[in-house]
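This report concerns only the one structure given below.
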Amino acid sequence: MPDEGTISWREVLVETESRLVGSGHDRATAVREARWIVEEASGSTSAAELDLLATMRGMARHDAMVERRLGGEPLQYVLGRWPFRTLDLMVDRRVLIPRPETEVVAGLVLDEVDRLAGGRDPVVEPVLVADLGTGSGAIGLSVAVERVGTRVWCTDVSSDALAVARANCAGLGSPAQRVTVAEGLWFDALPVDLRGRFEVIVSNPPYVAPDEDLPAEVLDWEPGGALFSDDRGMADLRVLVSGARDWLAPGGALVLEMAPDQTGLIAELAQSAGYVEVSVRRDLTDHNRALVARR
Ligand SMILES: C[S@@+](CC[C@H](N)C(=O)[O-])C[C@H]1O[C@@H](n2cnc3c(N)ncnc32)[C@H](O)[C@@H]1O
């Protein structure tokens, strides 16, 4: 039986845009999302391919994705993947959707890796990095892929999240050999013999206050354990600031993502805990977003 239907993917695209607009999406978002869905369903990567006839198998996939999106599920989960820096990460409800501001945080880690690696043979002496609360693996796996001279530990308390991180790691090819995935509460996931030897510790921990209003698309779909932290969103940040010092090598760096209004207090905390060269860094929208502090 032929798999070809009678309308082109371009016509499907126009229809999908209207359905998304009809369900309340603004036009620009609808156009962008319809394109993602149609490209995913059709496997097309160029505008010319949109003139091909839609296949029945592709349409079944398309219709299922549109229904899920119209039901309020975030586009990233509907697609099952999302780009992060150079990676195409598998994502689903077990993990937080990687955000653009976190791409900046991963960039800060690379800056620290470059500073620490200067003059070393990366094969003999790789920079040891820990990404605590790795979720999909976004930060840690980016570091492993973008810097060959690194050895990266990706940890999480959620075994569900780690299943996603492991799948993403497996898709990396040879950089995966420099990644270890481990389960446990913050520093408990790391082996004791590496205490005092990590050169960069990075985390994008849960930092939303439990009583904060979040859009339904976040609250209803993303894992609560990835979002909320007590003490106005700062309980986990405090644990990381106080714990990381013992796990860092001298000169090593702690890189933490947080909310803009948390940066002042967490920077003060880092200073009083004895870190040096404490600085607050901005994200792409010019908001204070991350702390870099050195031991
Ligand atoms: C905000 S998400 C960040 C995910 C990913 N690093 C990213 O940037 O997209 C926080 C992650 O921390 C994990 N987490 C929460 N509490 C934890 C804890 N006590 N120990 C280790 N990981 C924890 C969550 O399971 C979640 O995957």
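No lab work stands behind these numbers, since they all come straight from the coordinates. Computed from a prediction, not measured in an experiment: that's the story for all the values here. So basically every Cβ, Gly included, is an ideal-geometry build from the backbone, and we count neighbours across all protein chains shown.
Give the Cα extents of the stretch 30-186 along the principal axes, in whole Å, largest first.
55, 36, 25
Rg (Å, one decimal) plus Dmax (Å, integer) for the alpha carbons of the stretch 4-71?
Answer for the stretch 4-71, Rg first and Dmax second: 11.0, 32 Å.
Let me spell out the model: positive unit charges on the Cβ of Lys and Arg, negative unit charges on the Cβ of Asp and Glu, origin at the Cα centre of the chain. What dipole size does that give, in debye rounded to 20?
Charge dipole of the chain: 780 debye, to the nearest 20.
Can you give the relative contact order of the chain as a percent, counting alpha carbon pairs under 8 Å and 6+ residues apart?
Averaging sequence separation for qualifying contacts and normalising by length gives 14 percent for the chain.
If you fit an axis through the alpha-carbon atoms of helix 263-272 and take the longest principal axis of the Cα set of the chain, what angle between them do you get, 0 to 90°, nearest 10?
Computed tilt is about 20 degrees.
Binning at 10 angstrom from zero up to the longest distance, how are the C-alpha pair distances of the chain distributed in percent?
Final binned percentages: 6, 26, 31, 20, 12, 5, 1, 0.
To the nearest 20 debye, what charge dipole does the stretch 1-134 have about its Cα centre, counting +1 at the Cβ of each Lys and Arg and -1 at the Cβ of each Asp and Glu?
300 debye
If the chain between His287 and Asp121 were fully stretched, how many nm would it gain, using 0.36 nm times the residue separation less the Cα-Cα distance?
56.1 nm
Stretch Glu212-Thr180 to full length: gain in nm at 0.36 nm per residue minus the Cα-Cα span?
Taking Glu212 through Thr180 to full extension adds about 8.1 nm, to one decimal.
I'd like to know which of Val105, Trp36, Thr55 lies farthest towards the positive end of the charge dipole of the chain, counting +1 on Cβ of Lys and Arg and -1 on Cβ of Asp and Glu.
Toward the positive end, the furthest listed residue is Val105.
What is the helix-to-structure angle for 100-117, meaning the angle in degrees between its Cα long axis and the longest Cα principal axis of the chain, kept from 0 to 90 and rounded to the nearest 10?
For helix 100-117, the angle is close to 40 degrees.
What is the extension gain from Ser23 to Arg61, computed as 0.36 nm multiplied by their sequence separation minus the C-alpha to C-alpha distance, in nm to one decimal?
Additional length available on full extension: 11.7 nm.
Which one, Gly22, Leu70, Val143, is farthest towards the positive end of the dipole of the chain when Lys and Arg carry +1 and Asp and Glu -1 on their Cβ?
Looking along the dipole axis, the top candidate is Val143.
Among Thr45, Leu194, Phe84, which residue has its Cα positioned farthest towards the positive end of the charge dipole of the chain, with +1 placed on the Cβ of Lys and Arg, -1 on the Cβ of Asp and Glu, and the dipole taken about the Cα centre?
Working it through, the farthest residue towards the positive pole turns out to be Leu194.
Per residue of the chain, what 222 nm ellipticity follows from adding -39500 (n - 2.57) for every DSSP H run with n ≥ 4, rounded to the nearest 500?
When only DSSP H runs of four or more count, the value is -12500 deg cm²/dmol.
Report, in whole Å, the centroid distance computed from the Cα atoms of the stretch 222-263 and the stretch 62-77.
33 Å
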